[in-house]
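Novice: Mind looking over this structure? Questions follow.
Read-outs throughout are calculated quantities, based only on the coordinates presented, and are distinct from any laboratory measurement. Predicted model, so just to flag it, every value in this text is computed and none were measured. Neighbour counts run over all protein chains shown; Cβ positions are idealised from the backbone, glycine included.
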Amino acid sequence: MGLKILTEHINVPGIETYETYRKMGGYRSVEKALKTMTPDEVVEEVKKSGLRGRGGAGFPTGMKWSFLAKPEGKPRYLVCNADESEPGTFKDRVLMEKIPHALIEGMITSSFALGARTSYIYIRGELMFVLRILEKAIAEAYANGMLGENILGSGYSLDLHVHPGGGAYICGEETALLESLEGKRGNPRNKPPFPAVWGLYGSPTVVNNVESIATVPWIVNNTGDEYAKIGVGRSTGTKLISAGGHLNKPGVYEIELGLPVEEFLYSDEYCGGIWKGRKFKAVVAGGSSVPILPAELFLKTAEGVPRVMTYESLSEGGFVSGTMLGSGGFIAMDDTTCVVRNTWNFARFYHHESCGQCSPCREGTGWMEKVLHRLEHGHGSMHDIDLLVSISKQIEGNTICPLGDAAAWPVASAVRHFREEFEWHVRNPQEATKPGAVFNKSEAVLA
Amino acid sequence: MAKITFDGIEVEVEDGTTILNAARKIGGNVVPPAMCYYTPLKGSGGKCRVCLVKVTAGSAKDPRPMPKLVASCITPVQDGMVVENTLSEQAMEARKGIVEMLLINHPLDCPVCDQAGECDLQNLSYEHGTSGTRYEEDRRTFDKIDIGPLIQLHMTRCILCYRCVYTADQLTEKRVHGVLGRGDASEIGTYIENSLENEFIGNVIDVCPVGALTDKTFRFKNRVWFTKPMDAHRECETPGCCGKVVLWSRGEEVLRVTARKNEYGEVEEFICNTCRFDKKEMSDWIIDGPRHIARASVIAANHYELPVINPHLVPDLPAHVVDTQIQDQN
Amino acid sequence: MVDFKDKSEVKFSEAAQKEIERYISHYPADRKKSAVLPVLHIAQAEFGGWVSPAVQDKVAEILGIEPIEVYEVATFYTMFNLKPVGNYVLEVCRTGPCMLRGSDQLIEHIENRIGCKVGETSPDGMFTLKTVECLAACGMGPMLQIHEDYHENLDPEKVDKLLEDLRNKAAVKQSN
Ligand SMILES: Cc1cc2nc3c(=O)[nH]c(=O)nc-3n(C[C@H](O)[C@H](O)[C@H](O)COP(=O)(O)O)c2cc1C
Ligand code: SF4
Ligand code: SF4
Ligand code: FES
Ligand code: FES
């Protein structure tokens, strides 16, 4: 069994209540930080821990915190990103639903470190039932003196509120989230200025993912140095992986970074292998936006080195033969999966979720979806396959926010690794459009 | 002050100036195009992405190149910055791609568009576009909406630059139109039936880079290149109105009144609806002289050509136009 | 179906008003606009599962903003129904991970059972069928959401049972 930092008590009955959570050692970090540490000391511990943002980009959390501007006369805000909408990712939701106090404790300790007096948890609107769980837990925390005025007699005061979104993946992008929290359309902002300088209501703001914030209490309790000992190299600590798709045991797993991918995929402690005794065809390893990889390239790098679950190992090979750990949304596909259809599905998603502000993303995402739809339905041409790559290049890197890239990568990588399957759809439209038809490499070579 | 090198030319500008405005200080062919940025409108820019440039050195202090192309209209200069626009193959290639994106859903109904001849998109595609299209899908359509007696909205032509929204926010008290929907289904609209009538709302016509918002009172639908522009002014009593306009006339007839635009198509002083819509007699105005159309635009260079129109792509073309089009092409 | 001529007819219940006040108190006094999403959610739950223009106008009035500012928001976010809906809105996830686990077949099954297509309301007015994008339940797909509840790990039998239960629930409500 690997070390569990976030989920150790997830199956303890009543862990969603303040009482049980406290009994299991909860809220110790609040006592320790508020009574015995300065805010800067907390920041320092987080820096030492090497914790990297768990929302997808993997930016070091301590460093982000140290960038926060501290102008006189302006409040500072901590906003928790609980928008979790990246296809394949459902870890934050499970954590909040099962152990709401873990996030709340993290919010208090982190807000203290940043000098925030009001903090928000922005949760996607569809998770209204989780919002209610959080609100109940927050009320308990107030009642027990962990929130509100003069917490534990430390002189530090904090208000914490939960804010529901309204159904928009783009509001997971941190500046779109802030716009949305201000009651506007979720249009990402142009950067610079970054939220650390100009965030919520024009004040310095830190936006962090649920899992990042929920990890802070352990770091405060056990020191950053101890945290940094877990994991491998710059991938320190543990990570929640949302495992879905064609697996025997889908679910949320907390792994120590550095776990061999083969063990994660096949061992019974984790995913338990591919379902229905089928073969492993491909995987999207870090949420829908990361490049898809064929099974062989996922298990081993192009050089034949077995991969492990770290930011570095998964991206080994760059865009040519690697992928990314991203938000940890692990989507496994068996050998009955049609990659063209899956790529079309993702393209439709990004088309649906583009905010529409900038022209390459607004126009390009719809264009890719339409071309993929044609290909999938047997009306495509060979030229369409190259067209897709070309459109994806026209979007990538040229947009306001990374959704443009996130839309481009799945398409570009699918064509890169599964071109034959796309071509098969063009050559054999009748066969390819039969329900349940799947490209089979060896047969296609024969045909 | 900051000194930068733009396309190999050195220029010194105030700190905080954007790359685009630094380039405009140099002027001429090196200036990147801008479809959404509009100097007088706070918050504008960054959306259309046609102004992307390559920063090959970030500053004297940190001379590393920037990893991505940047929107020159919103990126401030740093002392010692080196920027490439026409010199950067990457920037020019990206621009071509973006122009294509702006055009794939555009109806190309220039022959019936009041903006033809003074349309920034037409200019842009002339300068940066490729001939022919790779887009084989159906073009986007919208339900027609009526936004009142003064302004005509043709949503299919809109490039969602948001300029008209900022104009209403910053020039009028109560905004009644905005961007509705999301993604490529976003549209300019009022949601419920409503008309745009604020005393300064007419300015949305001038800020619109394309023919999405046009003057409904433009008398005798006429092609702009047949009209004669003249600078004129009047003592306008509307608070905030400069009273300085361009009259577009034919003979003695004032067909249209607009604000005055600089060489980058930007209105520096806005005008009120009374000047724009109600003063359509020569006697209302004191003529200052002929208007010099500064920009090497399609209209000025007199190289406007009718695009090849495919009536199948433009479902709402009036029949007579389709006929003449087809005759013209034959 | 709840509908109003204009905002003067739109009256929130006391509980809803309290909830609105509570949300507004979360933001700085000059930032009431921040409450637009929570208030739209409350309004949608209060007035028959959709937000009509009159309801949106009322929301604008409560928050002291222009109606267009509410329209812009309500049309951007997909959770707000801008047209009347059936008693129960079935929101089925259609995104990749759920598709891999059979959401296409699930959607087809529901269409057949309730007698309408995606985007429509069943002839009996009982169900509106919507497809939605990933709801953060991928490992438990295929799944759907009804009001605030998630129904996960679905198959045709479970869905049939679910629909049946909802029909019964509606019947009980009606007879009361
Ligand atoms: C389109 C898009 C969607 C995103 N969605 C999420 C999300 O749902 N949750 C999240 O934590 N971060 C999301 N992010 C990343 C955030 O912008 C931001 O980097 C993150 O919340 C920072 O927190 P972290 O440093 O703790 O990871 C998204 C980014 C993009 C571009
Ligand atoms: S990249 Fe897409 S989602 Fe991001 S700002 Fe541009 S249009 Fe909006
Ligand atoms: S109508 Fe014109 S000004 Fe308004 S967003 Fe569209 S193109 Fe821009
Ligand atoms: S002018 Fe710079 S992005 Fe539009
Ligand atoms: S794909 Fe359906 S819940 Fe994620």
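Novice: Could you estimate the translational diffusion coefficient of chain A from the Stokes-Einstein equation, with Rh from the Kirkwood formula over C-alpha pairs, at 4 °C and 1.567 mPa s, in whole µm²/s?
Specialist: On the way: Rh = 22.7 Å.
Stokes-Einstein gives a translational diffusion coefficient of 57 µm²/s.
Novice: May I ask for log10 I(q)/I(0) of the range A:339-446 at q = 0.10, 0.12, 0.17, 0.19 Å⁻¹, from a Debye sum over the Cα atoms as equal point scatterers with solvent left out?
Specialist: -0.27, -0.38, -0.71, -0.85
Novice: I need the fraction of alpha carbon pairs in the range B:133-195 separated by more than 18 Å, rounded to a whole percent. Could the numbers behind the result be given before it?
Specialist: Numbers: 765 of 1953 pairs.
Across the range B:133-195, Cα pairs with separations above 18 Å total 39 percent.
Novice: Which whole-number percent gives the relative contact order of chain B, counting Cα pairs below 8 Å spaced six or more residues apart?
Specialist: Values: 610 pairs, mean separation 47.9, N = 330.
Relative contact order here is 15 percent.
Novice: Can you tell me the length gained on complete extension of the stretch B:Glu253 to B:Arg140, counting 0.36 nm per residue apart and subtracting the Cα distance? Intermediate results must be reported in sequence, preceding the final value.
Specialist: Working: separation 113, 0.36 × 113 = 40.68 nm, distance 3.74 nm.
Fully extending the segment from B:Glu253 to B:Arg140 adds 36.9 nm.
Novice: Could you derive backbone 3J(HN,Hα) for the range B:173-179 from the dihedral phi with the Karplus parameters 6.51, -1.76 and 1.60 (θ = phi - 60°), listing whole Hz in sequence and x where the residue is Gly or Pro?
Specialist: 7, 10, 6, 10, 10, x, 9
Novice: Would you pull out the residues with amide H under 5 Å of C:Phe127's amide H, same chain only if 5 or more places away, H placed 1.01 Å from N?
Specialist: The list, which skips near neighbours in sequence, is C:Asn87, C:Tyr88, C:Ser122.
Novice: Just rank A:Phe129, A:Phe349, fewest to most, by other beta-carbon atoms within 10 angstrom. Intermediate results must be reported in sequence, preceding the final value.
Specialist: On the way: A:Phe129 14, A:Phe349 26.
Ordered by Cβ neighbours within 10 Å, fewest first: A:Phe129, A:Phe349.
Novice: Here's another thing I want to ask about it. If you take the alpha carbon radius of gyration of the range A:238-334 and divide it by 2.2 N^0.38 Å, what ratio comes out, to two decimals? Each step should come with its number before you reach the end.
Specialist: Working: Rg = 11.7 Å, N = 97, 2.2 N^0.38 = 12.5 Å.
Relative to the 2.2 N^0.38 Å estimate, the range A:238-334 comes out at 0.94.
Novice: Would you list the membrane-span-like helices of chain A, meaning whole DSSP H runs whose alpha-carbon atoms span at least 15 Å along their axis and whose mean Kyte-Doolittle value is at least -0.5?
Specialist: Values: long enough: A:39-49 (16 Å, -1.05); A:100-114 (21 Å, 0.93); A:128-143 (22 Å, 1.00); A:210-222 (19 Å, 0.68); A:339-353 (21 Å, -0.87); A:359-376 (25 Å, -0.84); A:382-395 (21 Å, 0.57); A:403-427 (32 Å, -0.30).
Helices meeting the span and hydropathy rule in chain A are A:100-114, A:128-143, A:210-222, A:382-395, A:403-427.
Novice: Label B:Asn194 and B:Arg234 with points 7 Å out from Cα along Cα→Cβ: what is the distance between them in nm?
Specialist: Result for the modelled spin labels: 2.9 nm.
Novice: Given a Förster radius of 60 Å and the C-beta distance between C:Lys158 and A:Ala139 as r, what FRET efficiency does 1/(1 + (r/R0)^6) yield to the nearest 0.05? Don't skip to the end; give the middle numbers.
Specialist: Numbers: r = 34 Å, r/R0 = 0.57.
In this case the efficiency is close to 0.95.
Novice: Among A:Phe439, C:Phe12, A:Phe90, rank each residue by its count of other Cβ atoms within 10 Å, from fewest to most, as a rough exposure measure. Walk me through the numbers before you get to the answer.
Specialist: Details: A:Phe439 22, C:Phe12 19, A:Phe90 28.
Fewest-to-most Cβ neighbours within 10 Å comes out as C:Phe12, A:Phe439, A:Phe90.
Novice: Then there's this: Could you tell me which residue out of C:Val39, C:Thr128, C:Tyr71 lies farthest along the dipole of chain C toward its positive end? Charges go on the beta carbon: Lys and Arg +1, Asp and Glu -1, centred on the Cα centre.
Specialist: Farthest towards the positive pole: C:Val39.
Novice: Could you please report the charge total around A:Asn248, scoring K, R as +1 and D, E as -1 over all other residues with beta-carbon less than 9 angstrom from its beta-carbon?
Specialist: On the way: positive: A:Lys249, A:Lys276; negative: A:Asp268.
Result for the local shell: +1.
Novice: Sorted by mean Cβ packing within 10 Å, highest first, what order do the peptides C:82-89, A:110-117 take?
Specialist: Working: C:82-89: 17.5, A:110-117: 22.9.
By packing density, highest mean first, the sequence is A:110-117, C:82-89.
Novice: May I ask for the net charge around C:Ser175, where only other residues with Cβ less than 14 Å from the Cβ of C:Ser175 are counted and Lys, Arg are +1 while Asp, Glu are -1? Before the final figure, lay out the partial values.
Specialist: Numbers: positive: C:Arg167, C:Lys169, C:Lys173; negative: none.
Its environment carries a net charge of +3.
Novice: Counting pairs of alpha carbon atoms under 8 Å apart in space and at least six apart in sequence, what relative contact order in percent does the range B:91-145 give? Intermediate values should be presented prior to the final figure.
Specialist: On the way: 21 pairs, mean separation 29.0, N = 55.
Once normalised by length, the contact order is 53 percent.
Novice: Give the Cα extents of the range C:93-169 along the principal axes, in whole Å, largest first.
Specialist: 32, 22, 21
Novice: If the convex hull of the alpha-carbon atoms of the range C:1-135 is projected onto planes in all directions, what is the mean projected area in square nanometres?
Specialist: Values: hull surface 37.2 nm².
Projected area, direction-averaged: 9.3 nm².
Novice: In debye, nearest 20: dipole of the protein assembly as shown around its Cα centre with unit charges on the Cβ of K, R (+) and D, E (-)?
Specialist: Working: 103 positive and 127 negative charges, 147 e Å.
Computed about the Cα centre, the dipole is about 700 debye.
Novice: Separate question: Work out how much length B:Gln170 to B:Asn262 would gain on full extension: take 0.36 nm times their residue separation and subtract the Cα-Cα distance, in nm to one decimal. Write out the running numbers ahead of the final one.
Specialist: Values: separation 92, 0.36 × 92 = 33.12 nm, distance 1.99 nm.
Full-extension gain reported as 31.1 nm.
Novice: Provide B:His233, A:His425 in ascending order of the number of other Cβ atoms located within 10 Å of each residue's Cβ, fewest first.
Specialist: The fewest-first ordering by Cβ neighbours comes to B:His233, A:His425.
Novice: State whether the range B:224-291 is rounded, prolate or oblate according to the following rule on the C-alpha gyration tensor (a ≥ b ≥ c being the square roots of its eigenvalues): a/c under 1.5 gives rounded; otherwise a/b larger than b/c gives prolate, and the remaining case gives oblate.
Specialist: Details: a/c = 1.80, a/b = 1.15, b/c = 1.57.
In terms of gyration-tensor shape, oblate.
Novice: Further question: I'd like the orientation of helix C:103-114 relative to chain C: the angle between its Cα long axis and the longest Cα principal axis, in ° from 0 to 90, rounded to 10.
Specialist: 80
Novice: Report the far tail of the P(r) of the protein assembly as shown, meaning the percent of Cα-Cα pairs longer than 54 Å. It would help to have the intermediate numbers written out before the result.
Specialist: Details: 72808 of 453628 pairs.
Cα-Cα pairs in the protein assembly as shown separated by more than 54 Å: 16 percent.
Novice: Rounded to the nearest 20 debye, what is the charge dipole size of the range A:18-230 about its Cα centre when +1 sits on each Lys and Arg Cβ and -1 on each Asp and Glu Cβ?
Specialist: Approximately 160 debye in magnitude.
Novice: Taking amide H atoms as placed 1.01 Å from N in the peptide plane, list the residues 5 or more away in sequence, or in a different chain, whose amide H sits under 5 Å from that of A:Val252.
Specialist: Excluding prolines and chain starts, which carry no amide H, the hits are A:Ala243.
Novice: Could you tell me which of C:Ser25, A:Met24, A:Pro71 has its Cα farthest along the dipole of the protein assembly as shown towards the positive end, charges placed at Cβ (Lys, Arg +1; Asp, Glu -1), taken about the Cα centre?
Specialist: A:Met24
Novice: A further question follows. Hey, what angle do you get for helix C:53-63 against the long axis of chain C, alpha-carbon based, 0 to 90 degrees rounded to 10?
Specialist: 50
Novice: Given a Förster distance of 56 angstrom, what is the FRET efficiency for B:Asn29 paired with A:Glu303, based on the Cβ-Cβ distance and rounded to 0.05? Kindly include the intermediate steps, with their values, before the conclusion.
Specialist: On the way: r = 48 Å, r/R0 = 0.86.
E between B:Asn29 and A:Glu303, to the nearest 0.05, is 0.70.
Novice: Which residues' amide hydrogens lie under 5 Å from the amide hydrogen of A:Thr301, considering only partners 5 or more residues apart or on another chain, with H built in the peptide plane?
Specialist: For A:Thr301, the qualifying residues are A:Arg307.
Novice: Counting alpha carbon pairs within less than 8 Å and at least 6 residues apart, what relative contact order, in whole percent, applies to chain A?
Specialist: Numbers: 932 pairs, mean separation 68.1, N = 447.
Once normalised by length, the contact order is 15 percent.
Novice: Would you mind checking A:Lys136/A:Lys184; A:Lys4/A:Lys70; A:Lys98/C:Lys169 for any pair whose Cα atoms are more than 32 angstrom apart? Mind dumping the intermediate values first?
Specialist: On the way: A:Lys136/A:Lys184 27 Å; A:Lys4/A:Lys70 35 Å; A:Lys98/C:Lys169 29 Å.
Table pairs above 32 Å Cα-Cα are A:Lys4/A:Lys70.
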